[in-house]
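**Q** One structure coming up, written as structure tokens, with questions to follow.
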Amino acid sequence: MDQLKRSQHHDSFVTGIIKENPLFVAVLGTCPALAITTSFEAAFGMGLLFTFVLVCSNVLISALRKLIPEEVETPAYIVVIATFVTVVKMLCQAYIPNLYTSLGVFLSLLVVNCIVLGRAEAFASKNGVFDSFLDGLGNGIGYTLALVVISLFREIIGTGKLTFGNIFTFLQRDGRAVSLSVFKGEGWDYSIPLFAQPAGGFIVFGLIMAVLAAIHNSKKDKEAAAKRAAAFAAAQKAAEEKAAMPAASKTEGGAR
Amino acid sequence: MFYSYFVAFLLALVSYTLIDNVLLSRFYGICSFIGVGNKVKSAVSMGIAVVFVIFFSALICYPIYHYVLVPAGLAMMDTVVYILVIASLVQIVGLFIKKYSPALYKSLGIYLPLITTNCAVLGVVQENTDANLSFLFSMANALGTSLGYLLMIFVFACIRTRLDTYNTPRAFKGIPIALITAAIMAMAMMGLTGIGK
């Protein structure tokens, strides 16, 4: 019983990270994934705030799930989520003002993020508080991971370097942002500015989705091939047995 | 005087419709764009419903913010109020369409309640507040954004019906090729940068 419960906790935490990644597998929450991924720091900050909102709303909705009547479910969820987004907005404006300005309207748009509402309806309204907490945490980490992957490609190719300290000011050295050059240096520049533009977001996201689809397809092909081989082997064995049978009966007949 | 306002309004309208296109450069409502897929008819009816909802929510939210929330010192509650206004507006539009055009109501189906969670609606209203736009420009933003949404969702539905018949590489089938197409369209829109400014 205890084992079963623990494995359920484990499942609700882990599935959201890779297997059912909200961005790459379920293709939800695409608006911020394209808009704020021009810099690594903004994407990471967005992921953190998103995780906070998702965990809080999941926990509260799960705690209230027996009190909310079914007819007003969605409006009630939206109000809960909007409240937490307002809290996050005010905290972010007060303590990380650079993140607040670089996320802009997309911080408010967390209210209508399909993932937050989707987890509330699909998971938190049916499961216990602790499981909902873990589900929120897992999905938040999965979404953060996806945002960070897209933003790394876009920032490194688009600006030629990776910059720390513009948003999280405690990373600065001697009052200046630290940058790590990759495609750009003294007198040479192989960056492609298009990737920092909206079009680059679509390209990176589309290519990542295609690579994931290719991996998924090859896995499926391998499984299908293995199944076919097994079926073929079984058929061959059956045929051999069939071929052996009449021979046996024939010899029997000959003896008679 | 009136003429100069009119010209400014028209320029803002063009800029919000094409250059700062809602789907291609501001990225509001990408979810619905991917979700609607390749059915041209449902894409257009959804687009028209979104035009209505964005226009009226911008019209209602502007006075609510400037004449109720700000004097009452509740400006930080804007997002919560806006989402409630939008949710009730979607309900009202749904009832209205159901009464006067049951056929359209049937064809919209599941898409109608989903407009509440369409980022484009809240995005426009919030942007009007955050950028502190005047009433005229707020309405230009609402009209331009929603018309741009209608245009793009129609164009993309048409492109995706064609894409389905072509022999795209297997890994790119469906969403990846749609995103790459969107990238090419976004590059085309980049060529128009600077017209409205």
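**Q** Above 20 Å lies some portion of the pair distances; for the stretch B:39-112, what is it as a whole percent of all C-alpha pairs?
**A** Result for the distance tail: 40 percent.
**Q** Given only helices, namely DSSP H runs of n ≥ 4 each adding -39500 (n - 2.57), what is the per-residue ellipticity at 222 nm of the protein assembly as shown, to the nearest 500 deg cm²/dmol?
**A** -23000 deg cm²/dmol
**Q** Per-residue HN-Hα couplings for the stretch B:56-69, Karplus 6.51 cos²θ - 1.76 cosθ + 1.60 at θ = phi - 60°, whole Hz, x for Gly and Pro?
**A** These are the phi-based 3J(HN,Hα) values: 6, 5, 5, 4, 7, 6, 4, x, 4, 5, 7, 10, 10, 5 Hz.
**Q** Using a 10 Å cut-off around each Cβ of peptide B:180-189, what is the average number of partner chain Cβ atoms that fall inside?
**A** 5
**Q** Let me ask another. In terms of modelled amide H atoms, which long-range or inter-chain residues lie less than 5 Å from the amide H of A:K184?
**A** A:Y190
**Q** Same structure, new question: Order A:63-74, A:31-42 from most to least packed using the mean count of other Cβ atoms within 10 Å.
**A** Going from most to least packed, we get A:31-42, A:63-74.
**Q** Please report, in Å, the Rg and the Dmax of the stretch B:82-197, where both are computed over Cα atoms only.
**A** When restricted to Cα atoms, the stretch B:82-197 yields Rg and Dmax of 17.7, 49 Å.
**Q** What's the percent breakdown of Cα-Cα distances in the protein assembly as shown across 20 Å bins, shortest bin first?
**A** 21, 52, 18, 5, 2, 0
**Q** Can you check what the net charge comes to around A:F40, using other residues whose Cβ is under 14 Å from the Cβ of A:F40 (Lys, Arg +1; Asp, Glu -1)?
**A** 0
**Q** Follow-up question, since we're still on this one. Stokes-Einstein D for chain A at 37 °C, 0.692 mPa s, Kirkwood Rh over Cα pairs, in µm²/s?
**A** Here the translational diffusion coefficient equals 151 µm²/s.
**Q** I'd like the orientation of helix A:198-255 relative to chain A: the angle between its Cα long axis and the longest Cα principal axis, in ° from 0 to 90, rounded to 10.
**A** 10
**Q** Could you order peptides A:157-165, B:62-70, A:190-198, A:135-143 by the average number of other Cβ atoms within 10 Å of their residues, highest first?
**A** So the peptides A:157-165, B:62-70, A:190-198, A:135-143, ranked by packing, come out A:135-143, A:157-165, A:190-198, B:62-70.
**Q** For the stretch B:85-134, what value does the Rg/Rh ratio take when both radii are computed over Cα atoms and Rh is the Kirkwood radius, given to two decimals?
**A** 1.11
**Q** Let me ask another. If I model a spin label at B:I48 and A:K66 as a point 7 Å from the Cα along the Cα→Cβ vector, what separation in nanometres do I get?
**A** Result for the modelled spin labels: 4.8 nm.
**Q** Computed over the Cα atoms, what is the radius of gyration of chain B divided by 2.2 N^0.38 Å, N being its residue count?
**A** Here the answer is 1.09, to two decimals.
Bear in mind these aren't lab numbers, they're just calculated from the coordinates by the rules spelled out. Worth saying up front: this structure is predicted, and the values here are computed from it rather than measured. Quick reminder, even Gly has a Cβ in these numbers, built from the backbone with ideal geometry, and neighbours come from all protein chains shown.
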